[in-house]
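S.K.: I have a structure I would like to understand better, so I am pasting it below and will then ask my questions one at a time.
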Amino acid sequence: MNNFMDRLSEKILPFANKLGQNRYLSVLRDAFMLSFPLTMFGSIVVVLNNLPFFSDATKGTLGNLFGNGQNATMSIMSVFVTFGIGYYLSKSYDVEGIFGGAVSFASFLLLTPFMMTTADGVEVTGVLSLDRLGAKGMFIGMIAAFLAAEIYCRITKKGWQIKMPDGVPPAVSKSFAALIPAVLTLTIFLLINAFVTGVLNTNLHDVVYEIIQKPLVGLGSSLPATLLALFFVQFLWFFGLHGQIIVNSVMDPIWNTLMLDNLEAYKAGETLPHIITKPFMETFTVGLGGSGMTLAVVLIMAFVMKKKQYKDIGRLSLAPGIFNVNEPAIFGLPIVLNATILIPWVIAPILVTTLNYLVMAAGIVPAPTGVSVPWTVPIFFSGMLATNSVLGGLLQLVDMVIVGFIWYPFLRVLDKEKDSMI
């Protein structure tokens, strides 16, 4: 078994390390984290405006008064993501980040139709629709931002810049240095938009949405794809790699788009279109004690296992585990490269996530509304906030019990193995 694990580790670790260090995935992760404080604020506003004991009239009044708290943050997430991609990708090339961010965002807007159709079928020009800046524009925003930043940085690296004398203030000098790269980059995107609009009689938002975003979102919202992503999270963690960061770098654009879809439907009082969303993954996987849902494991170690070593590790891991930080357990038990507990480590999250999906699909527990809940919020409270229902919190408690039952026999084996060594 150990020889097999060693050989597997030799094959997997180099690839996983390259994936985790990939420039574009790292930039994408950082860009989404740029929007995190803003989306968190928007989520708090949505929760307060839609508390379950409020009447519809009260919710409507609060929406009119405080609705911009969500409109200016979560509903325009593509704005922050496109700017963040341009900023961080430029920084990775040692190019002035603020101009790279501005050029990427402007390039995204150049591809965005400044018109919308009202419910009565009337076309209004000179306006930006919120859905173009939110869920529907997410993928075209990411594509445009990466391309624009790449073009901008390559032109800058070629030295096509206006260089000012030394006595010129730095802000002025940097603006002139960015002038030629910015103009050339924006011209390219303006011509692309002119071609798509004038020749093809459409816009790239709709093209990308139909050809790329809808199929990817449909795949990402499926249970099999979610379970596959969870498997890789657990599998990579087993070898000491942060599976959450590596897998989320790939899946976050899809899960965040699904989250925004649910939020728009929730605000409109419509049926939530998705079960799998970013809050679902945060609340009903990481929200149960960290990666691998280990809060139940920590409790068993602290209060059931006999060996002092495990009791000490469990009790030391309990406080951070309540807030879903489980590195003490992962490296203290250890879970990393511990073949005895590989099966529950991989199987428990997959089984529990399958149960959660089926329970929500059956309508027994409501799906997450699209409100973003910090992953450090303790169990029960995070489930209640994510679903706007106490049933979400109760489901988390049931999940924790199931995880405990799956892990218990293997922890007993581990306990006895330790006995035989003393």
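The values are calculated or read from the model by the stated rules, or taken from the named source; none is laboratory data. This structure is a prediction, so every number in the text was calculated from the model and none was measured. Here the Cβ positions follow ideal geometry from the backbone for every residue, glycine too, while neighbour counts run over all protein chains shown. Remember, those area values only see protein heavy atoms, side chains included, never the ligands or the DNA or RNA. Shrake-Rupley method; radii C 1.70, N 1.55, O 1.52, S 1.80 Å.
S.K.: Please determine, in degrees from 0 to 90 and to the nearest 10, the orientation of helix 243-267 with respect to the longest principal axis defined by the Cα atoms of the chain, where the helix direction is its Cα long axis.
M.R.: Its long axis makes an angle of about 70 degrees.
S.K.: Still on this structure: Evaluate the charge dipole of the stretch 209-330 about its Cα centre and quote only its size in Debye, nearest 20, assuming +1 on the Cβ of each Lys and Arg and -1 on the Cβ of each Asp and Glu. Mind showing how you got there, number by number?
M.R.: Working: 8 positive and 8 negative charges, 154 e Å.
Dipole magnitude for the stretch 209-330 comes out near 740 debye.
S.K.: Suppose all protein chains stay in the model; what accessible area per residue would a 1.4 Å probe give for the stretch 75-219, in Å²?
M.R.: On the way: 7320 Å² over 145 residues.
With the other protein chains kept in place, the stretch 75-219 gives 51 Å² per residue.
S.K.: While we're looking at this one, here's another question. So what is the calculated 222 nm ellipticity per residue for the chain, using -39500 (n - 2.57) for each DSSP H run with n of 4 or more, over all residues, to the nearest 500 deg cm²/dmol?
M.R.: Working: 20 runs with 292 residues, N = 422.
Calculated from helices alone, the mean residue ellipticity at 222 nm is -22500 deg cm²/dmol.
S.K.: Would you kindly compute the Cα radius of gyration of the stretch 23-161 and its largest Cα-Cα separation (Dmax), both in Å?
M.R.: Reported Rg and Dmax, both Å: 17.9, 62.
S.K.: Taking the Cα centre of each part, how many Å lie between the stretch 140-164 and the stretch 73-92?
M.R.: Between the Cα centres of the stretch 140-164 and the stretch 73-92 lies a distance of 15 Å.
S.K.: Would you report the distance distribution of C-alpha pairs in the stretch 75-219 as whole percents per 5 angstrom bin, up to the bin with the largest distance?
M.R.: Going out from 0 Å in 5 Å bins, the stretch 75-219 shows 2, 10, 17, 19, 18, 13, 9, 5, 3, 2, 1, 0 percent.
S.K.: Of the heavy-atom accessible surface of the stretch 75-219 (probe 1.4 angstrom), what whole percent is carbon and sulfur? Can you show the working numbers first?
M.R.: Values: 4970 of 7320 Å².
Exposed carbon and sulfur together represent 68 percent of the surface.
S.K.: Projected onto the charge dipole of the chain (+1 at Lys/Arg Cβ, -1 at Asp/Glu Cβ, origin at the Cα centre), which of Phe284, Ser43, Met301 gives the Cα projection farthest towards the positive end?
M.R.: The one lying farthest along the dipole's positive direction is Met301.
S.K.: A further question on this structure: So if I place +1 on the C-beta of Lys and Arg and -1 on the C-beta of Asp and Glu, and nothing else carries charge, what would the dipole magnitude of the chain be about its Cα centre? I want it in debye, nearest 20.
M.R.: Values: 25 positive and 24 negative charges, 210 e Å.
In debye, rounded to 20, the chain gives about 1000.
S.K.: HN-Hα J couplings of the stretch 197-214 from phi, Karplus 6.51/-1.76/1.60, θ = phi - 60°, integer Hz, Gly and Pro as x?
M.R.: Each residue's phi maps through the Karplus curve to give 6, x, 8, 8, 6, 8, 9, 5, 4, 5, 5, 5, 4, 6, 8, 10, 5, 4 Hz.
S.K.: At 37 °C and 0.692 mPa s, what whole-number value in µm²/s does Stokes-Einstein give for the translational diffusion of the chain, with Rh from the Kirkwood sum over Cα pairs?
M.R.: Values: Rh = 23.6 Å.
Rounded, D is 139 µm²/s.
S.K.: Mind ranking 89-97, 213-221 by how tightly packed they are, going by the mean number of other C-beta atoms within 10 angstrom, highest first?
M.R.: On the way: 89-97: 19.2, 213-221: 16.7.
Listed from highest to lowest mean packing, they are 89-97, 213-221.
S.K.: Another question, if that's okay. Taking a cut-off of 18 Å, what percent of all Cα-Cα pairs in the stretch 234-337 are separated by more than that? Walk me through the numbers on the way to the answer.
M.R.: Numbers: 2976 of 5356 pairs.
Tail of the P(r) past 18 Å holds 56 percent of the pairs.
S.K.: If you don't mind, there's one more thing I want to ask. Taking the dipole about the Cα centre of the chain, with the C-beta of Lys and Arg at +1 and of Asp and Glu at -1, give me whichever of Val207, Leu130, Pro334 is farthest to the positive side.
M.R.: About the Cα centre, the residue reaching furthest to the positive side is Pro334.
S.K.: Along the positive direction of the dipole of the chain (beta-carbon charges: Lys, Arg +1; Asp, Glu -1; about the Cα centre), which of Gly269, Gly321, Ile188 reaches farthest?
M.R.: Gly321
S.K.: Peptides 293-299, 270-276: what's the order by average Cβ count within 10 Å, highest mean first?
M.R.: Numbers: 293-299: 26.3, 270-276: 18.0.
Listed from highest to lowest mean packing, they are 293-299, 270-276.
S.K.: Right, another one. Sort 174-182, 366-374 for me by packing, meaning the mean count of neighbouring Cβ atoms within 10 Å per residue, highest on top.
M.R.: Values: 174-182: 18.1, 366-374: 25.2.
The packing order, highest mean first, is 366-374, 174-182.
S.K.: Quick check for me: using +1 on Lys/Arg Cβ and -1 on Asp/Glu Cβ, what's the dipole size of the stretch 75-219 about its Cα centre, in debye to the nearest 20?
M.R.: Working: 9 positive and 9 negative charges, 91 e Å.
Dipole magnitude for the stretch 75-219 comes out near 440 debye.
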